[in-house]
1. Search the range 1-53 for residues being within 9 Å of the ligand (Cβ to nearest atom) and among the charged types (D, E, K, R), and hand back the single one that is farthest from LYS65 (Cα to Cα).
2. Of all the residues that make up the range 19-65, how many are surrounded by fewer than 16 Cβ atoms within 10 Å (Cβ to Cβ), charged (D, E, K, R) and out of contact with any Pro (no Cβ under 8 Å at 6 or more places or on another chain)?
Amino acid sequence: MNAEIQNLLRCPCDPKVPVEKREDGFVCTRCEVIFPIREQIPCFLIHEATLPDGIRRIENLPCRKEQKAAN
Ligand SMILES: [Zn+2]
C-alpha cells in the first residue's frame with residue numbers, strides 16, 4: 001500500500017481522525033485501537049480490532065463517544 005493511500009485512511013469510528021501505520025497494524029491516532037493487517041489487507045472492522053489498554057467496550061472509545069456527542 002503506498003503512502004498516499006495510507007494518508008487517506010481514517011478511523012472507522014470517526015472519519016475526521018487519521019490512522020497511523022505501525023508494525024502490528026493501523027492505529028487510530030485518537031482512540032488507539034489497532035486494526036490488524038491480514039495477508040497485506042488492513043481490516044478496518046471495529047469488531048475485529050484490538051482495543052487499547054483500559055478500554056473493554058467499543059462504546060467507550062474516544063472516537064465513539066465523540067460521534068455520539070455530535071449526533
Ligand atoms: Zn478512533
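1. Going through the qualifying residues, I end up with ARG10.
2. 11
Conditions (1) at pLDDT 95 or above; (2) of a type in the set (Ser, Thr, Tyr); (3) in a loop (DSSP other than H, G, I, E, B), marked per residue:
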| residue | (1), (2), (3) |
| --- | --- |
| MET1 | no, no, yes |
| PRO18 | yes, no, no |
| ARG30 | yes, no, yes |
| HIS47 | no, no, no |
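The values are calculated or read from the model by the stated rules, or taken from the named source; none is laboratory data. Predicted, not measured: the structure shown is a model, and the values here were computed from it. Counting neighbours? That spans all protein chains shown, and the Cβs are built from the backbone with ideal geometry, glycine included.
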